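Heads up, the thing below is written out as structure tokens.
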Amino acid sequence: MKFGIFLPNGSNGYIPSKGSPVYLPTFEHNKQISIEAERQGLDFVLSMMKYRGFRGETGYWDSCLDSFTLMAAIAAATSRIELFPSVTLLAAHPAVTARMVATIDDISGGRCGLNIVTGWNKPEYVQMGIWPGDHYYQRRYEYAAEYLQVVKGLWGEGNLTHSGEFFNVVDCDVRPKPSRRVPIVCAGQSPKGLQFTAEHGDHSFIIAEQATLADFCARMRATAEQTKRRVGTYALYQLVLAETDAEALRIAEGIVAGADAGAIENILASAAMDTNTGGTSDRMKSGLSRSLEDGNLAFMGMPVIHGGPAKVAAKIDEIAEATGVDGILWSMPDFVPAIRLFGEQVMPRLTC
């Protein structure tokens, strides 16, 4: 079982609530989170990318540090932990992405991967005049497949000439090349997203309660086997960790009680535009009625593991045993102290 941190490079991290810390993203905060994660033996950090937030009282995600620039800086401040910047495909040409990853690979000594974001939040791209039209909702994984074909081609030997439906490059040169085969991750969890990751990715990120997670892991393994590939599944969880079970529950319930109604309304409005069924957007739409453990929308729809160190360790082992998941990507209300407590008092208790 591997563990990673979902870096809070957008305002307030991943919790649209007044009951959680409200803050602007800074490099210093994200650097200290990454250093602590490395110190505690965690495996990777991943940063997202948002070009337009969801407003509300808390200004949720209204500010966002650029993912590639941030990860390049964190690469220079760390020595072991894996780094995953996120590319929003509509906003960056594949040749630019290929070069940015190669640069971070050099800075980090071969620790850079890539998170592929096809993009379901239409208002982000409309404001920049780069939304291709609503047909993109249904065709975004075809676009992503060709995008990744170009990126991987540019990382291969020599120059690349490619003529496709979405991209045309002629004798395109990207050097230096990455020092290793770059691991690709994707958060698509609709049937189309699962198929895309099984065919092109190395790891899939999913937001799902325990029963659904077990089913997804099984389907991913079976689909990847058809393509003669091995694709890992990583679950996104919110961690509310405190010295006692009662204190952790109090914090978690306070976050739900303080949910930013305006931001959540805007999240749901964006999700309603997505016509691709069975994916992240559909999960958002049902988020307000979910329990803590199943992923209330005050926690961005991510299931919550809450409690003291012993309870949290037991729950992680239970999830690992029941689902066969390969790892967990954590978000949390207060990152640095929670990561320290997780490393010092939860990880030593784990059997997974």
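Could you tell me whether any residue of segment 94-107 is part of a loop (DSSP other than H, G, I, E, B) and surrounded by fewer than 20 Cβ atoms within 10 Å (Cβ to Cβ)? First the steps, then the outcome.
Restricting attention to segment 94-107, the residues satisfying the condition of being part of a loop (DSSP other than H, G, I, E, B) are none.
The answer is no; no qualifying residue exists.
Looking at (1) more than 23 Å from M49 (Cβ to Cβ); (2) crowded, with 20+ Cβ neighbours inside 10 Å, find the lone condition where G193 falls short.
(1) is the only condition that G193 fails.
Go through segment 12-45 and report how many residues are crowded, with 22+ Cβ neighbours inside 10 Å and under 24 Å from E124 (Cβ atoms).
Within segment 12-45, residues that are crowded, with 22+ Cβ neighbours inside 10 Å and under 24 Å from E124 (Cβ atoms) number 9.
If you go through segment 224-236 one residue at a time, do you hit one that is modelled with pLDDT under 95, more than 24 Å from V45 (Cα to Cα) and buried (at least 18 other Cβ atoms within 10 Å of the Cβ)?
Yes.
Within segment 154-164, does at least one residue satisfy the condition of being surrounded by fewer than 17 Cβ atoms within 10 Å (Cβ to Cβ), out of contact with any Ser or Thr (no Cβ under 7 Å at 6 or more places or on another chain) and among the β-branched types (V, I, T)?
yes
If you go through segment 1-19 one residue at a time, how many are outside any loop (DSSP other than H, G, I, E, B) and either in contact (Cβ under 8 Å) with a residue 60 or more places away in the chain or over 21 Å from F44 (Cβ atoms) (or both)?
To start, the set of residues in segment 1-19 that are outside any loop (DSSP other than H, G, I, E, B) comprises 2-6, 10, 17.
Imposing the further condition that a residue be either in contact (Cβ under 8 Å) with a residue 60 or more places away in the chain or over 21 Å from F44 (Cβ atoms) (or both) reduces the set to 2-6, 17.
Number of matching residues: 6.
How do the pairs read when you match residues in segment 46-67 that are at positive phi and buried (at least 24 other Cβ atoms within 10 Å of the Cβ) with residues anywhere that are part of a loop (DSSP other than H, G, I, E, B) and of a type outside the set (K, R), using Cβ under 8 Å and keeping only pairs 6 or more apart or on different chains?
W61/S11; W61/N12; W61/G53; W61/F54
The values are calculated or read from the model by the stated rules, or taken from the named source; none is laboratory data. The model shown is predicted, which means the values in this text are computed figures rather than measured ones. We place every Cβ from the backbone using ideal geometry, glycine too, and count neighbours over all the protein chains shown.
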